[in-house]
Amino acid sequence: MDEPLNLVLFSGTDDKLQAAAVLTAGAAALGKPVNIFLQYWALDAFRATKIGRDHGLAPEAGPAGRAAVDALTRAGQASWADTLRQAKDLGGVDIQACSLSMDLLHLESLDLDPLVDGVEGVTAFYLNAGDGQVVFI
Amino acid sequence: MPVVEITQTVDARGLSCPLPIVRTAQAARTLPSGAVIELIATDAGSIKDVAAWCKATGNELIDQSSDGAVYRFVIRRK
C-alpha cells in the first residue's frame with residue numbers, strides 16, 4: 001500500500017475526470033499516496049474559471065451516456081472537483097500541472113483552481129512516482 | 001452481543017462510491033483508537049468496500065446489517 005498511485009490525466013471531459021477522481025478518493029481512503037499530473041485538456045479543465053463548468057463527455061458516451069450521467073448528477077452525485085477536494089482533505093494527494101501544458105495553454109499558476117498544488121516537469125513526476133504504477137486517463 | 005456505544009455516525013445515504021468510504025476515513029482521522037463509527041450507506045458497493053477498507057487499514061468491522069437498500073456498518077477504530 002505504500003507505493004503511490006500515479007495518475008496522468010490527459011482528457012478533460014467530465015466522465016474521465018470523474019473516473020480519475022473516484023480512483024483518487026478510493027486510494028486516499030486507504031492511505032495510499034496519489035500523485036496526479038495534469039496534461040493538455042485535463043489541465044484546461046482545472047482553470048479556476050472553468051472547473052465548475054460542463055466539460056462534456058467522451059465521444060463514446062453518446063446521447064444515452066449523456067442521459068445516464070445527467071441522471072446521476074440530478075440524484076446528487078458529487079462533481080469530480082468536489083470528490084477530489086474530499087480526497088485531498090484526507091491527505092496524501094498531490095496535484096501538479098505539467099509545465100509543457102502550462103506553456104501550451106498560456107497558463108500561469110494563478111489561473112488554476114486551488115486544487116492544483118504546483119507546476120512540475122515530467123522528470124519530477126517520475127521521481128515522485130517511484131515504483132508505483134502510472135495510469136494514463 | 002454486548003451493546004456497543006457509537007462514538008460517531010456517518011450518514012452517507014445517497015452518496016455514490018467512493019464517498020461513503022471517504023467520509024468514514026475522514027471520521028476515523030479525527031477519532032481516537034477504540035472509537036466506534038456507525039456508517040449508514042445506500043451504495044451497494046459499500047458492502048465489499050467497507051470490508052476491504054477495514055482489512056487494509058486495520059480497523060475492525062464489528063457489525064453489519066441491511067434494511068432493504070440501506071446498509072449499516074459498525075467499525076471500531078484501530
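Values quoted throughout were computed directly from the atomic coordinates according to the rules given, and no laboratory measurement underlies them. Predicted model, so just to flag it, every value in this text is computed and none were measured. Neighbour counts run over all protein chains shown; Cβ positions are idealised from the backbone, glycine included.
A few remarks follow.
- In this label model, A:Leu105 and A:Val122 are separated by 1.8 nm, measuring between points 7 Å along each Cα→Cβ vector.
- P(r) weight above 25 Å for chain A, C-alpha pairs, percent: 23
- Dipole orientation for chain A: of the candidates A:Thr24, A:Ala78, A:Ile36, A:Ala78 has the Cα lying most toward the positive pole (charges on Cβ; Lys, Arg +1; Asp, Glu -1).
- A straight chain from A:Asp89 to A:Glu60 at 0.36 nm per residue would run longer than the Cα-Cα distance by 7.2 nm.
- Selected from A:Pro59, A:Pro114, A:Pro33 as most flexible by GNM, with chain A as the system and alpha-carbon contacts under 10 Å: A:Pro59
- Eligible lysines near A:Lys16 by straight Cα distance, threshold 23 Å, same-chain separation 8 or greater: A:Lys32, A:Lys50, A:Lys88
- Segment B:8-76: equivalent-ellipsoid semi-axes (sqrt of 5 x gyration tensor eigenvalues, Cα, Å): 17, 12, 11
- Tilt relative to chain B, helix B:46-57 - C-alpha long axis, 0 to 90 degrees, to 10: 30
- Tilt relative to chain A, helix A:80-90 - C-alpha long axis, 0 to 90 degrees, to 10: 40
- Listed from fewest to most Cβ neighbours within 10 Å, the set B:Ile6, A:Ile51 follows the order B:Ile6, A:Ile51.
- Dipole magnitude for the protein assembly as shown: computed about the Cα centre from +1 point charges on Lys and Arg Cβ and -1 point charges on Asp and Glu Cβ, it is near 500 debye.
- The modelled label-to-label distance between A:Asp70 and A:Ile137, using points 7 Å beyond Cα along the C-beta direction, is 2.4 nm.
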